[in-house]
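What follows is one structure encoded as structure tokens, with my remarks underneath.
Values quoted throughout were computed directly from the atomic coordinates according to the rules given, and no laboratory measurement underlies them. Given the structure is predicted, the values throughout are model-derived calculations rather than measurements. Positions of Cβ are generated from backbone atoms using ideal geometry, with glycine treated the same way; all protein chains shown enter the neighbour counts.
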Amino acid sequence: MDVFTEVIQNMDITSLFVFCVVFLLCYYALKKTNNIPTGPVSVPLLGNIPQLAGRNPLIMFRKWRKQYGDVFSVYMGSQLLIVLNGYETINEALVTRANVFSERPHNFMLDKIKEGEGVIFASGTSWKRQKKIALHCLQELGFGCNSFEVCIADEAKTLIKQIEQNADVSLNLKDILTTCVSNVMCGILFGRRFSHEDNKFLEVVANFSEDAKYLGNASILMNCFPFLQYLPGDLLRTKTIMEHKKVFHKFYEDLYQSHQLTLDENNPRDFMDLYLIEMKKNSTLSKKEENTYSEVKLKALVGDLFGAGTETTSTTLLWAVQYLLHYPDVQEKCFDEIQTVLGLERFPSLNDRSHLPYCEATILETLRIAAIAPLAVPHATPRDVYFQGFIIPKESSILINLHSIFHDSDIFKDPGVFRPERFFYSSGHVIKPKEFIPFSCGRRVCIGEKVAQMELFIFLTSLIQTFKFLPVDSCNLPDLEGNLGIVYSPKSFQVKIFRRQDVKSY
Ligand code: HEM
């Protein structure tokens, strides 16, 4: 037994009380002199978990921003989180000070899953190289040209067919929507789509959705209390998440093998082909570029793009449908615009975007109000950094509170109201204020912004052109407060869907 433990054990209750008070005072005094941003009072060991447990962190952060300003600290256990709020502060960190605010923090759980590979959770040279490769391959495949559009339109048509089979009944759109959106990613990554009856594929898609729901909380708690991994059972679903990783690897492995066998270097079909071609070229280059391409890196990159590209876009579409139920006038205005410009027969194309400004503004308003990635992905600094008069310690996780921008009434008047018109210029053109950054900004900006915007446009306009969405119970609309995981998703809801051509008047 060490001396410290012996002293504690021999203390009477009064001395122990005095010791605890002195300990806490020293702890807070030290925090203050360290010049770490202030924040809500935290309790030893648990930090601010008691204040956050069971509550929506976004609402708590709004309250704390009013009290402590745009830069405040929160403790999850002993782990320090720095929360950056408001456009000016976020822009200063991610853009002006991009050289120091573009790392990712170490996270016990994510390190275990990602092993430092991929792009989303990687840092340093490895991240820079993989991001460059990913962007290069996506550009080669034709960002903005019609190979992506064909792929997206095919999936939107499949979605419409699937819904038609179930029209006139109440439907939860989540699964079919997620499957169609993930098939777009499969088209880009693997050059093929999967049937909605393919159980292996459905399992992979469902696993990614489940992980997105639990990974956020699980990784934060595991990081604070690593001993939780040894508890029996699977309280934090960490074992399930690791099992899901194995299922994805098996799914991926088959695709990797078939790509290896059928690769034609003069005719790349998809992202995987392009990566394999670069990998081959690279193997003959100098040692300097040695670790840029590998099978392991490709697997991690594909996993990242598949996950990031599916949950975000499908969740945005689900929110859009939910807001259309709450704001039927917006749904009708979108429909009227589509009917005037396209009619009911011609399928929307990306060339129609500038002719459908109200639909375009409805998509932007959904991205704003629902704030799909409200805290972006945690950032970190490579060393202690002096920022706005505070020290941001190297080991802290930095949360980018994008939600605080989109719900700032000084930027977006009546932020809780769903009003696409706010994105209109007086001339009727769509205009995005500089503060509108749902894909974040700076070096870590989302890779998939262009793909996502194409998908949102084609899926949403074709859905509104074909169907009318109505609530199952007009006196009891689906809850607009969502669940925060890796993304902010709506709670499960049902919707009644009617074919426009069958609708006379409602
Ligand atoms: C509505 C759809 C989407 C939204 C709102 C969204 C938003 C975001 C946000 C906020 C970040 C974090 C940036 C940061 O850390 O500061 C991010 C990162 C990322 N997104 Fe997206 N995203 C969407 C769709 C996509 C798609 C379709 C793809 C893939 C094609 C994708 C791939 C990525 C990747 C790879 C990163 C990591 C970038 C890095 O760490 O450098 N996202 N996204």
Worksheet item: If you count, for each residue, the other Cβ atoms within 10 Å and average over each peptide, how do 344-353, 317-326, 205-214 line up from highest to lowest?
Response: 317-326, 205-214, 344-353
Worksheet entry | Estimated FRET transfer efficiency when R0 is 25 angstrom, pair V341-Y425 (beta carbons, to 0.05) | 0.85
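Counting only C-alpha contacts under 8 Å and six or more residues apart, can you give the relative contact order of the chain as a whole percent? Working shown, then result.
Values: 657 pairs, mean separation 115.4, N = 506.
Over the chain, the number comes to 23 percent.
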Practice prompt. Using a 10 Å cut-off on Cβ atoms, rank the peptides 396-406, 192-202 from the highest mean neighbour count down.
Written response: 396-406, 192-202
Fill in: DSSP bridge orientation in the chain - percent antiparallel, rounded to nearest 5
80
Worksheet, complete the sentence: Zone reached by a paramagnetic label modelled 7 Å from R62 Cα along Cα→Cβ, restricted to segment 75-110 with backbone N below 14 Å, covers 86
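Rounded to the nearest 500, what is the 222 nm mean residue ellipticity of the chain from helices alone, with -39500 (n - 2.57) per DSSP H run of 4+ residues and division by all residues? Walk me through the numbers on the way to the answer.
Details: 17 runs with 258 residues, N = 506.
Helices in the chain give a 222 nm mean residue ellipticity of -16500 deg cm²/dmol.
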Practice prompt. Along Cα→Cβ, 7 Å out, is where each label goes; now give me the distance between the ones at V445 and Y230 in nm to one decimal.
Written response: 4.7
Discussion item. Using a Cα-Cα cut-off of under 27 Å, which lysines could be cross-linked to K239, ignoring same-chain neighbours fewer than 8 residues away?
Written reply: K112, K114, K174, K200, K213, K250, K297, K299, K491
Discussion item. If R₀ is 60 angstrom, what is the calculated FRET efficiency for the pair K157 and D384, using the beta carbon separation as r and rounding to 0.05?
Written reply: 0.65
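So for each of 133-139, 226-232 I average, over its residues, the number of other beta carbons within 10 Å; can you give me the resulting order with the highest mean first? Write down the numbers at each step before the final one.
Working: 133-139: 17.6, 226-232: 9.9.
Packing proxy ranking, top to bottom: 133-139, 226-232.
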Worksheet item: Over all distinct Cα pairs, what is the inverse of the mean 1/r for the chain, reported as the Kirkwood hydrodynamic radius in Å?
Response: 24.8
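Quick one: length gained pulling S195 to S78 fully straight, 0.36 nm per residue minus the C-alpha distance? Write out the running numbers ahead of the final one.
Working: separation 117, 0.36 × 117 = 42.12 nm, distance 4.67 nm.
Full extension from S195 to S78 adds 37.5 nm.
For a quick check: sort M222, M185, M242 by the number of other beta carbons within 10 angstrom, fewest at the front. If you can, show how the numbers build up before the last one.
On the way: M222 19, M185 25, M242 13.
Ranked by crowding around the Cβ, least crowded first: M242, M222, M185.
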Discussion item. With a cut-off of 8 Å between alpha carbons and a minimum separation of six or more residues, what is the relative contact order of segment 109-232 in percent?
Written reply: 20
